[in-house]
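Participant: Quick one: structure below, then a few questions.
The values are calculated or read from the model by the stated rules, or taken from the named source; none is laboratory data. Small disclaimer: the values here were computed from a predicted structure and weren't measured. Neighbour counts run over all protein chains shown; Cβ positions are idealised from the backbone, glycine included.
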């Protein structure tokens, strides 16, 4: 018994070292922004809640209408689903008198895929059905690869991938930044049709600069805001609101290609508060430490063959 | 030395027939699932994309099937040949646990008709923890059938084939230890990526280590549990001495596990969550108390000679490890936005159907194949 315990402890100590190792070599799995990444800057203070972006999204992606309540007359989804890739939601507090105010105010928020810098869904998917474009960084879904395991849904910190629960031959559905329109030289439908420039499409590097410009604006003064696309010559003049001093998605969860500005704190708007280091990087670190080049498993296999042979020899004796 | 023999007896016992009935009912729900989609029978949702089937049938099912792995560790890695009589029954439960987890996966995945994609190199994602789990579990099911094949070959008197199998068996025994070490720990890593969606009482980067240690002592608990039950109903050789030794090992493993488990929660500064009196706090306490008590009991040498005490301890340990996995995969998981999940009748029946299949196969195997040492 004594020897057995000691041997056991030895074995366990070995695996403990392996499992504890990841924190020591942190950051090695962290991903950086792609230089030509494309994204959207959503400015909650410019959004008037007209939901044109939702209509445009449905039309551009051939998505079915979704009804809520007894009257099945118009499309009125209450949340993202396998039929709705993009949604405008509203935050309300007390007597919602003033827009973009946390107390006794209201504010809009636009939700769809954030196109993460280090997407959990891409890392999680066993069949490579979720991929991140190496140039644009757009996260896309390939139903021909997908096995329907739904690990992408479990992994996504924003709960973006949706599943067709009522379809016997289901697939995952998510915003793909209108890749099919980009291929034709057009821009994502939601930004294209947004009348106020609240949803602004462009290279992420430029969007970050634009977001920083807005962060430095003086509330109450008038400024020019581009509409639809960052490089657009079409501009509108708005009175700047008081922004929360944060660009959501700049670093959150390892960074996202969809960035957000708002006058109301982001947790109130329903966005998750995530650490700057993505959980994807943490999980991949554990995995890569243990399985890099399959060296550890192969060594272990060799050791086990030896031990089994030894035990069998003893049994024969 | 006594050799393993079939226990004989009637197959169609009341237990067998009840299992048969439950299995038939579950077939109706399975048909519904394949005709109308997952939403038609399950309460899973976009917030809780994994429910009872993944948590119970796959994660817990394979963990309960760790008896074979845990015994192989003792016999081959720690070179304790005296435990050999416990290997074959343990291997059999592993065989069922893992094979039926495979069945559950086919029912659970949405696009089951292209499930084979994970075996195609151009679709494999080497970063995916789930891919590693799937490949290792798949390979281990095959290894288990090979490891178990001498039992069949004995029954059918294929001596040449059996001799050949015994010659190459060492490769499969080694794989049978390597593969569970890999995928049982990875079943913990699977939930690391969920980050803030999982309660800090369970989210830790040590999940793979905790899953690995707990699956090993769970494996021993299952061996004790099963031998006790079979021993009380069938005339088999009394293995109390061996079970006592196994229980002693179990106590030490639990001690190591609990130290890591509690130290981890304390160091991360979340122990206060355990004492808030809410569901998650209580689940955390329950999960660990169910380990603490049997550990204390099994540290008393006299108790290692008492079959009844060891059986009760094994039951407690099984419950604790099952609860730990439920907590990590469902109860401690909160996607936010007000999502809720409780398994539907259909989900429960399909899970029960799979367990029934397992019990029916168990009864047939022990009565018709040389598994246990008879009196």
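Participant: Please specify each residue of segment B:323-350 satisfying the condition of being more than 14 Å from chain A (Cβ to nearest Cβ), surrounded by fewer than 23 Cβ atoms within 10 Å (Cβ to Cβ) and part of a helix (DSSP H, G or I).
Facilitator: B:323, B:326, B:327, B:331, B:345, B:348, B:349 - these are the residues of segment B:323-350 that are more than 14 Å from chain A (Cβ to nearest Cβ), surrounded by fewer than 23 Cβ atoms within 10 Å (Cβ to Cβ) and part of a helix (DSSP H, G or I).
Participant: Given the condition modelled with pLDDT of 90 or more, assigned to a helix (DSSP H, G or I) and within 30 Å of residue A:128 (Cβ to Cβ), answer yes or no: does some residue in segment B:86-95 qualify?
Facilitator: Looking through segment B:86-95, none of the residues is modelled with pLDDT of 90 or more, assigned to a helix (DSSP H, G or I) and within 30 Å of residue A:128 (Cβ to Cβ).
Participant: As an exercise: evaluate residue B:320 against (1) touching a helix residue (DSSP H, G or I) at 6+ places or on another chain (Cβ under 8 Å); (2) farther than 23 Å from residue B:88 by Cα; (3) surrounded by fewer than 20 Cβ atoms within 10 Å (Cβ to Cβ) and give the number of the one condition it does not meet.
Facilitator: Checking residue B:320 against (1) touching a helix residue (DSSP H, G or I) at 6+ places or on another chain (Cβ under 8 Å); (2) farther than 23 Å from residue B:88 by Cα; (3) surrounded by fewer than 20 Cβ atoms within 10 Å (Cβ to Cβ), the one that fails is (3).
Participant: I'd like to verify a number: residues in segment B:261-273 that are part of a helix (DSSP H, G or I) and more than 19 Å from residue B:322 (Cβ to Cβ), how many?
Facilitator: Number satisfying all stated conditions: 9.
Participant: Considering (1) crowded, with 24+ Cβ neighbours inside 10 Å; (2) within 24 Å of the chain's Cα centre (by Cα), say which one residue B:16 fails and leave the rest.
Facilitator: (1)
Participant: Could you list, in sequence order, all residues of segment A:128-166 that are in a loop (DSSP other than H, G, I, E, B) and more than 30 Å from residue A:185 (Cα to Cα)?
Facilitator: Hits for segment A:128-166 are A:147, A:148, A:149, A:150, A:157, A:164, A:165, A:166.
Participant: Of the conditions (1) surrounded by fewer than 20 Cβ atoms within 10 Å (Cβ to Cβ); (2) under 22 Å from residue B:189 (Cα atoms); (3) away from every other protein chain (no Cβ under 12 Å), residue B:101 clears all except one; give me its number.
Facilitator: In the conditions (1) surrounded by fewer than 20 Cβ atoms within 10 Å (Cβ to Cβ); (2) under 22 Å from residue B:189 (Cα atoms); (3) away from every other protein chain (no Cβ under 12 Å), residue B:101 misses (1) alone.
Participant: I've got another one for you. Kindly provide the set of residues from segment A:266-290 that are at the interface with another protein chain (Cβ under 7 Å from one of its Cβ atoms) and free of Cβ contacts under 8 Å to residues at least 40 places away in the same chain, ordered by number.
Facilitator: A:287
Participant: Another question, if that's okay. Within segment A:275-315, which residues are surrounded by 20 or more Cβ atoms within 10 Å (Cβ to Cβ) and under 30 Å from residue A:90 (Cα atoms)?
Facilitator: A:278, A:279, A:280
Participant: Do we have any residue at all in segment A:194-209 that's assigned to a loop (DSSP other than H, G, I, E, B), assigned by TED's automatic domain parsing to the domain that holds residue A:144 and loosely packed, with under 13 Cβ neighbours inside 10 Å?
Facilitator: no
Participant: Filter segment B:128-147 for residues that are surrounded by 20 or more Cβ atoms within 10 Å (Cβ to Cβ) and either over 15 Å from residue B:62 (Cα atoms) or free of Cβ contacts under 8 Å to residues at least 12 places away in the same chain (or both) and give the result.
Facilitator: Correct list: B:128, B:129, B:131, B:147.
Participant: Examine segment B:43-61 for a residue that is under 16 Å from the mean Cα position of the chain (by Cα), within 30 Å of residue B:374 (Cβ to Cβ) and either free of Cβ contacts under 8 Å to residues at least 24 places away in the same chain or part of a helix (DSSP H, G or I) (or both), and state whether such a residue exists. Reasoning before the result, please.
Facilitator: Just the residues of segment B:43-61 that are under 16 Å from the mean Cα position of the chain (by Cα), to begin with: B:52-61.
Imposing the further condition that a residue be within 30 Å of residue B:374 (Cβ to Cβ) reduces the set to B:61.
Applying the additional criterion that residues be either free of Cβ contacts under 8 Å to residues at least 24 places away in the same chain or part of a helix (DSSP H, G or I) (or both) yields B:61.
Yes, segment B:43-61 contains at least one residue that is under 16 Å from the mean Cα position of the chain (by Cα), within 30 Å of residue B:374 (Cβ to Cβ) and either free of Cβ contacts under 8 Å to residues at least 24 places away in the same chain or part of a helix (DSSP H, G or I) (or both).
Participant: When the residues of segment A:125-145 are narrowed to those that are crowded, with 24+ Cβ neighbours inside 10 Å and within 20 Å of residue A:178 (Cα to Cα), which ends up farthest from the other protein chains (Cβ to nearest Cβ)?
Facilitator: Taking the candidates together, the pick is A:139.
Participant: Ok, one more. Name the pairs whose Cβ atoms lie under 7 Å apart, with the first residue in segment B:261-289 and more than 24 Å from residue B:218 (Cα to Cα), the second outside any helix (DSSP H, G or I), and 6 or more positions between them or separate chains?
Facilitator: Pairs found: B:268/B:200; B:268/B:204; B:270/B:200; B:270/B:201; B:273/B:200; B:273/B:201.
Participant: Is there a residue in segment B:239-251 that is buried (at least 17 other Cβ atoms within 10 Å of the Cβ), without any contact (Cβ under 8 Å) to a residue 60 or more places away in the chain and part of a helix (DSSP H, G or I)?
Facilitator: yes
Participant: Out of all the residues in segment A:136-158, is one or more touching a helix residue (DSSP H, G or I) at 6+ places or on another chain (Cβ under 8 Å) and on the phi > 0 side of the Ramachandran plot?
Facilitator: So far as segment A:136-158 goes, yes, one or more of its residues are touching a helix residue (DSSP H, G or I) at 6+ places or on another chain (Cβ under 8 Å) and on the phi > 0 side of the Ramachandran plot.
Participant: Among the residues of segment B:119-136, are any farther than 26 Å from residue A:168 by Cα, modelled with pLDDT under 95, more than 8 Å from chain A (Cβ to nearest Cβ) and part of a helix (DSSP H, G or I)?
Facilitator: yes
Participant: In segment B:40-87, how many residues are more than 14 Å from chain A (Cβ to nearest Cβ) and in contact with a strand residue (DSSP E or B) (Cβ under 6 Å, 6 or more places away or on another chain)?
Facilitator: Selection size over segment B:40-87: 0.
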